[in-house]
Amino acid sequence: MRKKLGAAVVGLAVAGVSLLATGSASSHGYTDQPISRQKLCANGTVTNCGAIQYEPQSVEAPKGFPGAGPADGKICSGAHDDFAQLDGAKAPDGGAWPATKLTGGQAYTFRWQFTARHATTDFEYFITKNGWDDTKPLTRADLEPQPFMTVPYGGQQPPGTVSQQGTIPTQKTGHHMILSVWNIADTGNAFYACSDVSF
């Protein structure tokens with residue numbers, strides 16, 4: 001009897017650890033306005049994406065961008081090897097990444113969807129420079145050095161969906177990328193989302 005009880009306790013402990021690990025891995029958030037690469041994979045618009053199609057909310061990496069965060073060339077995947085398809089200049093199905101059409105200077109509603117709502121420092125939005133090389137994975141040198149919009153959140157916990165009003169930068173033409181960063185207040189991490197846009 002004692003042996004069976006011991007095995008049951010060990011079994012419950014293992015199950016508990018598995019549940020905790022799963023809960024951590026399956027939480028967090030992504031942008032769907034402008035639609036992010038991970039959301040395009042999750043909704044089936046882009047195929048052959050691998051693991052990210054099942055967990056578009058999981059592109060988590062150290063915060064502090066651009067001084068810290070994922071390495072150049074691995075920004076869109078958060079430097080997760082399982083999500084490396086997000087870093088490709090071409091979509092994993094071989095075509096171009098679908099792009100949201102924008103006009104410089106227009107008012108725009110940016111939107112995040114959350115599966116776990118963390119205390120939040122702020123949201124930051126970066127955009128690529130004119131003349132960036134879109135045939136290679138995204139680097140810091142490709143981006144304007146300062147975010148074009150920062151939305152402070154004061155440590156509050158967001159609701160399941162957050163919409164933020166902003167203005168699209170002017171004097172942009174052709175294909176660009178917007179990098180959205182959700183900075184968490186009570187951990188050392190942030191969540192990253194790359195969105196292809198076209199002017």
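The values are calculated or read from the model by the stated rules, or taken from the named source; none is laboratory data. Computed from a predicted model, the values in this text were never measured in an experiment. Positions of Cβ are generated from backbone atoms using ideal geometry, with glycine treated the same way; all protein chains shown enter the neighbour counts.
Summary of values
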{"item": "Residues of segment 55-78 satisfying the condition of being hydrophobic (A, V, I, L, M, F, W, C) and either under 17 Å from residue 41 (Cα atoms) or not in a loop (DSSP other than H, G, I, E, B) (or both)", "result": "59, 61, 75, 76"}
{"item": "Residues of segment 25-51 classified as farther than 22 Å from residue 158 by Cβ and either of a type in the set (A, V, I, L, M) or not in a loop (DSSP other than H, G, I, E, B) (or both), total", "result": "5"}
{"item": "Selection count where residues are modelled with pLDDT of 95 or more and either closer than 18 Å to residue 190 by Cβ or surrounded by 13 or more Cβ atoms within 10 Å (Cβ to Cβ) (or both), scope segment 108-128", "result": "14"}
{"item": "Residue within segment 13-23 that is at pLDDT 95 or above and outside any loop (DSSP other than H, G, I, E, B) present", "result": "no"}
{"item": "Test: residue in segment 81-91 that is part of a helix (DSSP H, G or I), of a type in the set (S, T, N, Q), farther than 24 Å from residue 155 by Cβ and under 12 Å from the mean Cα position of the chain (by Cα)", "result": "no"}
{"item": "Looking only at segment 67-107, and only at residues there that are crowded, with 19+ Cβ neighbours inside 10 Å and of a type in the set (S, T, N, Q), the one that is farthest from residue 138 (Cα to Cα)", "result": "85"}
